[in-house]
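Some notes on the structure that comes next.
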């Protein structure tokens, strides 16, 4: 059992009798220090996509899955192809990639997740380093890190970064939340 | 046969949980004719807002079966599972009750009120937990047609109008031993706050005299102690008043010029009162409450007449909740009261076009998952 707030994209949980792979998980504080997690998930039996909401401290049954360390290789529409150290290829449907698409680059090390021998999703490292390809110029004098502005990385994903960040800067991003963590020297 | 509803309420602190649950129970019974059983773990808290409640295992109050929710809850004393089960604020149902729930039971997690945009996307969704056959549905109150709305008695607006037309505030205040004079009347129903001394000092700067009414408790004690501690200019008088029953709380709000309210139920009622108000939101770890406050303020001010300046209201709310209040915030709020009064009436009218929470809840529970 795991708490709902610990469930990540790519995990498979049981909802009733259905194993469901998590495509998206959003955490929101509801009230009085409680929180809820909204999940978009896909049935591994029927293939249908549904949304659910759980309290953050709900216990959910996590299905133990096989994993394999791989690197991202190429996109063969509509499949994303990953390769392990022995050059075996594994294909994951684009629909099952979730937020991983925001950070996907050739050679990105990650884990492919298998359910009954089938590659069903990808789990990224908790953080990745990416280069800012566009952001508005830095505002002189503001180095507090509290004022944020949008920045685009090379996958086209946009996220808020501190005002002092510039084009060409490398930043560390938390892949679980999509949030800026730090500027990498 | 009348469907039976069980509402489970755990009193975590203060009176917010029981305030919402008791109002919900009353509305479901009075306006929808439902057989309601309310399980409360702290009847003393219930008694404060409903003096008819006595400390015992089982009683009927205003047509509602009120049951004490003991630590050793058992189905032997609880009887059957109801057709609809409300898990108020996700307090968690007793394990024995959960185990006894059949797969077709309607189990609803009534959530906290929030104006944040994500609420609409979560409202109405359900989930399944390993230890229960029935799915659990989530019902979120809110400020848009895509949420569960707010609780409102069918005659609330008419009653308020009659109260105002009859000039009934003086008579109501007299029942609390409060004189009905021309002073600015402010209800202070808030959590303990570092801003209290600043607010009292600011009120005492005048020039308009202020009568501050504070429900008995820690806040009243601290304000009265502050006022007694040193000589004053005399522009502010504070009075501790007894807790009024929930049925009379609206009349108290209607009798004020400004309501400083807290939590959820009094916050909603202050909006129905159509009077200027300040919201002392329940503080949360990591400042999560400030995002909720800002989300509400954005909705509240977006609905305003472009000519009216509500900035003093936003500034006061933010400063009060951040603990950075200054005398200038109070004086600006006071100067903005005519515009705020006008907007408060517009806002209450706008809210009355939204779904009424208990009606929406009854419809929601009638639909299959």
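Separation of segment B:307-360 from segment B:280-298 is 15 Å, based on Cα centroids. Apply 1/(1 + (r/R0)^6) to the Cβ-Cβ distance of residue B:353 and residue B:305, taking R0 = 30 Å, and write down the FRET efficiency to the nearest 0.05. That gives a FRET efficiency of 0.95.
Looking at segment B:1-115, the DSSP beta bridges with both ends there are about 15 percent antiparallel. If I fit a long axis through the Cα atoms of helix B:218-229 and take the longest principal axis of the Cα atoms of chain B, what angle between them do I get, 0 to 90°, rounded to 10? Roughly 20 degrees between the two axes.
Taking every C-alpha pair closer than 8 Å and separated by at least 6 residues, the mean separation divided by the residue count of segment B:184-313 gives a relative contact order of 24 percent.
The simple spin-label model puts a point 7 Å past each Cα toward its Cβ; for residue A:57 and residue A:146 those points are separated by 3.2 nm. The calculated 222 nm mean residue ellipticity attributable to helices in chain B amounts to -12000 deg cm²/dmol, summing -39500 (n - 2.57) over DSSP H runs of n ≥ 4 and dividing by all residues. Alpha-carbon geometry of segment B:33-142: the Rg and the Dmax are 15.2, 43 Å, given in that order. Rounded to the nearest 10 degrees, the inclination of helix B:357-366 to the longest alpha-carbon principal axis of chain B is 10 degrees.
Each label point was placed 7 Å from the Cα along the Cα-to-Cβ direction; for residue A:14 and residue B:208 their separation is 6.4 nm.
By how many nm would the segment from residue B:103 to residue B:218 lengthen if fully extended, with 0.36 nm per residue of separation less the alpha-carbon distance?
Working: separation 115, 0.36 × 115 = 41.40 nm, distance 4.60 nm.
Value of the extension gain: 36.8 nm.
Taking label positions 7 Å along the Cα-Cβ direction at both residue A:176 and residue A:101, the computed distance is 2.4 nm, reported to one decimal.
For segment B:257-369, the calculated P(r), taken from all Cα-Cα distances in 10 Å bins from zero up to the bin holding the longest distance, is 13, 42, 30, 11, 3, 0 percent. Result for chain B in a Gaussian network model with C-alpha springs under 10 Å: among B:126, B:329, B:343, the largest mean-square fluctuation is at B:126.
Take the alpha carbon gyration tensor of the protein assembly as shown, find the square roots of its eigenvalues, order them as a ≥ b ≥ c, and report rounded if a/c is under 1.5; if not, report prolate when a/b exceeds b/c, else oblate. Write down the numbers at each step before the final one.
Values: a/c = 2.56, a/b = 1.42, b/c = 1.81.
In terms of gyration-tensor shape, oblate.
Here the calculated FRET efficiency for residue B:291 and residue B:72, from their Cβ-Cβ distance with R0 = 51 Å, stands at 0.85, rounded to the nearest 0.05. Computed over the alpha-carbon pairs of segment B:101-194, the distance histogram in 10 Å steps reads 13, 23, 24, 21, 13, 5, 0 percent, short to long. Considering only B:61, B:40, B:219, the mean-square fluctuation computed in a Gaussian network model of chain B, springs between alpha carbons under 10 angstrom, is largest for B:61.
Contour minus end-to-end for residue A:118 and residue A:133, with contour as 0.36 nm per residue of separation and end-to-end as the Cα-Cα distance? Working shown, then result.
Numbers: separation 15, 0.36 × 15 = 5.40 nm, distance 3.57 nm.
Extending this stretch completely gives an extra 1.8 nm.
With the biggest extent put first, the Cα atoms of segment B:151-215 measure 39, 29, 20 Å across the principal axes.
Axis of helix B:156-165 versus longest Cα principal axis of chain B: the two differ by about 30°, to the nearest ten degrees.
Using only alpha carbon pairs under 8 Å that are at least six residues apart, calculate the relative contact order of chain B and give it in whole percent.
On the way: 634 pairs, mean separation 55.6, N = 369.
Worked out over chain B, it gives 15 percent.
Each peptide in B:246-256, B:90-100 was scored by the mean count of other Cβ atoms within 10 Å over its residues; highest first, the order is B:246-256, B:90-100.
Measure out, as a whole number of angstrom, how far apart the alpha-carbon centroids of segment B:103-155 and segment A:24-44 sit. So the separation of the two Cα centres works out to 13 Å. For the options A:51, A:86, A:136, a Gaussian network treatment of chain A with springs between C-alpha atoms closer than 10 Å singles out A:86 as fluctuating the most. I'd like the distance separating the alpha-carbon centroids of segment B:36-88 and segment B:176-210, in whole Å. Comparing the Cα centres of segment B:36-88 and segment B:176-210, I get a distance of 37 Å. Stretched out straight at 0.36 nm per residue, the stretch from residue B:367 to residue B:191 would grow longer than its current Cα-Cα span by 59.5 nm.
Ranked by the mean number of other Cβ atoms within 10 Å of their residues, highest first, the peptides B:276-284, B:346-354 fall in the order B:276-284, B:346-354.
Every number here is computed from the coordinates shown, using simple stated rules; none is lab data. Fair warning: this is a prediction, and the values are worked out from it, not measured in the lab. Please note: Cβ atoms are built from the backbone with ideal geometry, for glycine as well, and neighbour counts cover all protein chains shown.
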